[in-house]
Amino acid sequence: QVHLVESGGGLVQAGGSLRLSCAASGRTFSSYAMGWFRQAPEKEREFVGAIDWSGVSTYYADSVKGRFTNSRDNAKNTVYLQMNSLKPEDTAVYYCAAGGNIRAVVLGTGLDYWGQGTQVTVSL
């Protein structure tokens, strides 16, 4: 069992940065690939980025590539999403999720656990 709690969201001006954290409980955290997803009002949830269990492999949606960076610290049971050059269209509730492998996370087919989400709002 893994319990996920996101933090770090907030209000930021366009061009600014935020770092989201996802803290996990459970001894098996380091065996999971982790992903970030977001959902804007009246839109479907979309994939943002993923990182494998080791932190070596990452994958990003085209809309955030070059601006967002995944990282993880397995000793702290935490995964991070560094978001730079934020745009108003990045405004959404951001969720972290855990899955068996990075491919399953990217495809959204093998997501075993979800956090409660953190709001990110980017103003003009």
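The values are calculated or read from the model by the stated rules, or taken from the named source; none is laboratory data. Computed from a predicted model, the values in this text were never measured in an experiment. Every residue, glycine among them, receives a Cβ derived from its backbone with ideal geometry; neighbour counts consider all protein chains shown. With ligands, DNA and RNA removed, areas are computed over all heavy atoms of the protein, side chains included. Shrake-Rupley method; radii C 1.70, N 1.55, O 1.52, S 1.80 Å.
Taking 0.36 nm per residue of separation and subtracting the Cα-Cα distance, full extension of the segment from Thr121 to Ala23 would add 33.2 nm.
Whole angstrom only: what separates the Cα centroid of segment 57-124 from the Cα centroid of segment 10-38? If you average the Cα positions of each part, the centres end up 6 Å apart. At a 1.4 Å probe, what is the % contribution of carbon and sulfur to the accessible area of the chain? Exposed carbon and sulfur together represent 48 percent of the surface. Straight-line reach from Lys43: taking Cα to Cα under 14 Å and skipping same-chain neighbours fewer than 8 places apart, the aspartates and glutamates in range are Glu89, Asp90. Rolling a 1.4 Å probe over the heavy atoms of the protein chains gives segment 75-124 an accessible area of 46 Å² per residue. A simple packing score, the average count of other Cβ atoms within 10 Å per residue, orders the peptides 17-24, 60-67, 77-84 as 77-84, 17-24, 60-67, with the highest score first.
Charge dipole of segment 38-118 (Cα centre as origin; +1 on each Lys and Arg Cβ, -1 on each Asp and Glu Cβ, all else neutral): 160 debye, rounded to the nearest 20. Converting phi to 3J(HN,Hα) with the Karplus coefficients 6.51, -1.76 and 1.60 and the offset θ = phi - 60°, segment 68-82 yields 10, 9, 8, 8, 8, 10, 5, 5, 9, 6, 9, 10, 10, 10, 7 Hz in sequence order, with x at every glycine or proline. Distance distribution note for the chain: the fraction of Cα pairs above 26 angstrom is 13%.
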